Amino acid sequence: MIFHSARIKLTLWYLLMIMFVSAFFSILIYQGFTTELERELRSQTYEIQYQNSRGNVIKSAPIFDKEMIGAISNTILDKVRKQFMIQLFIINSGIIFFAGVAGYFLAGKTLQPIESMVEDQKRFVSDASHELRTPLTALKTEIEVALRDNKLTHNEASALLQSNLEEVNKMQQLTGYLLSMGRYENNTQKLPKELVSLQEAANQALERVQALANTKRVKLIAPKTKIEMHAHPVSIVELLSILLDNAIKYSNPGGKVTLAIQEKKKSVIIEVIDQGIGIKAGDIPYIFNRFYRADTSRSKTHTEGYGLGLSIAHSIVELHKGIITVDSTPGKGSRFVITLPR
Ligand code: ADP
């Protein structure tokens with residue numbers, strides 16, 4: 001609704017501008033034309049008067065006196081002016097009509113990206129609030145039930161606090177993601193880049209996910225590289241952590257996750273390979289969208305997540321002018337490949 005009225009307003013502004021330009025030129029043309037016409041008629045009048053005064057009257061032409069000639073010229077002038085004005089009015093009406101149609105179309109085109117951005121933001125806020133409400137509701141219910149229980153034992157209280165802590169951790173992870181999205185997705189300033197040792201970045205990322213790998217009994221294979229590149233160090237570690245975290249999350253217990261880094265011509269190729277559940281071909285186009293979670297992850301393995309990791313990873317790769325691709329076979333595993341220019 002707000003965009004429709006904005007579109008109308010923008011169209012009216014376009015129209016106002018066109019009307020102004022069109023009226024300005026019409027007045028100029030009208031004035032130029034009438035001055036020229038008057039001048040022409042005056043010279044014709046003088047010519048006839050001159051011929052009359054010399055007695056050189058063209059035989060077939062009637063003899064006019066001065067007033068008659070003046071009256072005739074004024075009548076002709078008025079008539080031509082009127083006709084010209086009508087023509088200008090018709091042309092201007094046409095211009096305004098077409099400008100109105102084109103303006104409405106152009107206003108729609110101008111506003112369309114803003115409209116879809118606002119829609120995107122709205123969807124994002126509602127999805128984020130929804131995701132935050134779930135752990136908050138669980139937390140509230142647990143606390144309320146515990147408060148009503150007069151005979152709460154020490155063990156029960158500590159189990160309750162443990163469960164509360166899990167919910168708080170979830171919220172902390174989600175707010176962390178949201179902050180990262182704000183940092184990378186609407187990045188108007190350039191991220192400060194410096195020379196980053198990819199071995200160092202890989203080690204930091206592997207350290208972050210080691211605990212999860214231990215819990216899931218997943219073996220991590222680290223890269224061996226001397227490559228250095230200009231990049232934003234914090235975001236590179238975050239990118240690797242997201243991909244490794246997913247690879248472990250969607251691996252089967254006892255599986256293997258490999259992080260490989262190599263150089264090809266002027267690019268750095270980073271690969272994260274797992275032997276996990278894989279991704280269905282139909283899901284692949286959507287996995288980089290915000291809050292998108294493939295069904296298999298929910299129904300089969302009940303893996304925790306918000307569907308934000310890959311969207312952040314995608315933004316980080318874009319900020320480094322790189323590309324991220326995935327090939328995956330359900331039941332066999334996935335391979336995420338990031339190509340970054342050096
Ligand atoms: P999350 O993992 O929190 O759900 P992501 O944005 O990181 O969110 O991933 C989106 C979806 O892509 C996941 O829900 C999962 O279905 C799929 N996915 C991502 N990485 C893998 C992987 N390594 N193996 C299988 N599926 C994956």
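Numbers at a glance
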| read-out | value |
| --- | --- |
| Flag for residue 296 being near the ligand (Cβ under 10 Å from one of its atoms), β-branched (Val, Ile, Thr), in a helix (DSSP H, G or I) and at pLDDT below 95 | yes |
| Selection count, the range 258-285, where residues are open to solvent by less than 50 Å² (accessible area, probe 1.4 Å) and part of a strand (DSSP E or B) | 11 |
| Failed item, numbered, when residue 90 is tested on (1) aliphatic (A, V, I, L, M); (2) in a helix (DSSP H, G or I); (3) at pLDDT below 90 | (3) |
| Flag for residue 255 being within 22 Å of residue 207 (Cβ to Cβ) and crowded, with 17+ Cβ neighbours inside 10 Å | yes |
| Single condition residue 329 does not satisfy, out of (1) away from the ligand (no atom under 11 Å from the Cβ); (2) polar (S, T, N, Q); (3) more than 30 Å from residue 126 (Cβ to Cβ) | (1) |
| The range 322-338, subset assigned to a strand (DSSP E or B) and open to solvent by 30 Å² or more (accessible area, probe 1.4 Å), residue farthest from residue 264 (Cα to Cα) | 329 |
| Looking only at the range 234-279, and only at residues there that are out of contact with any Phe, Trp or Tyr (no Cβ under 7 Å at 6 or more places or on another chain) and within 7 Å of the ligand (Cβ to nearest atom), the one that is farthest from residue 210 (Cα to Cα) | 279 |
| Top-ranked residue of the range 25-38 - restricted to ones that are in contact (Cβ under 8 Å) with a residue 12 or more places away in the chain and of a type outside the set (A, V, I, L, M), ranked as most open to solvent (accessible area, probe 1.4 Å) | 33 |
| Selection status of residue 22, touching a residue at least 60 places away in the same chain (Cβ under 8 Å), surrounded by 12 or more Cβ atoms within 10 Å (Cβ to Cβ), within 20 Å of residue 79 (Cβ to Cβ) and touching a helix residue (DSSP H, G or I) at 6+ places or on another chain (Cβ under 8 Å) | no |
| Close pairs from the range 66-86: first charged (D, E, K, R) and modelled with pLDDT under 80, partner in a helix (DSSP H, G or I) and surrounded by 12 or more Cβ atoms within 10 Å (Cβ to Cβ), Cβ under 8 Å, at least 6 apart | 66/49 |
| Members of the range 70-86 found to be of a type in the set (S, T, N, Q) and surrounded by fewer than 11 Cβ atoms within 10 Å (Cβ to Cβ), listed by number | 75, 83 |
| Helices (runs of 4 or more DSSP H) enclosed by the range 139-254 - at least 2 residues per element that are closer than 17 Å to residue 305 by Cβ and not assigned by TED's automatic domain parsing to the domain that holds residue 294 | 154-185 |
| Index of the failed condition, residue 310 passing every other in (1) buried (at least 18 other Cβ atoms within 10 Å of the Cβ); (2) more than 13 Å from the ligand (Cβ to nearest atom) | (2) |
| Any hit, the range 126-140, residues being more than 29 Å from residue 172 (Cβ to Cβ) and of a type outside the set (Ser, Thr, Tyr) | no |
| Options 208, 183, 217: the member that is closer than 27 Å to residue 290 by Cβ and more than 16 Å from the ligand (Cβ to nearest atom) | 183 |
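Conditions (1) modelled with pLDDT under 90; (2) open to solvent by 80 Å² or more (accessible area, probe 1.4 Å); (3) not charged (D, E, K, R), marked per residue:
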residue: 106; (1), (2), (3): no, yes, yes
residue: 109; (1), (2), (3): no, yes, no
residue: 113; (1), (2), (3): no, no, yes
residue: 120; (1), (2), (3): yes, no, no
residue: 128; (1), (2), (3): yes, no, yes
residue: 134; (1), (2), (3): yes, yes, yes
residue: 137; (1), (2), (3): no, no, yes
residue: 140; (1), (2), (3): no, yes, no
residue: 150; (1), (2), (3): yes, yes, yes
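Let's see how each residue does on (1) in contact with a Gly (Cβ under 7 Å, 6 or more places away or on another chain); (2) closer than 25 Å to residue 251 by Cα; (3) loosely packed, with under 12 Cβ neighbours inside 10 Å:
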residue: 155; (1), (2), (3): no, no, yes
residue: 173; (1), (2), (3): no, yes, no
residue: 192; (1), (2), (3): no, no, yes
residue: 197; (1), (2), (3): no, no, no
residue: 201; (1), (2), (3): no, yes, no
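The values are calculated or read from the model by the stated rules, or taken from the named source; none is laboratory data. These numbers come from a predicted model, not from an experiment. Note that each Cβ is placed from the backbone with ideal geometry, even for glycine, and that neighbours are counted across all protein chains shown. In case anyone asks, the SASA skips ligands and DNA or RNA and just uses the protein heavy atoms, side chains included. Shrake-Rupley method; radii C 1.70, N 1.55, O 1.52, S 1.80 Å.
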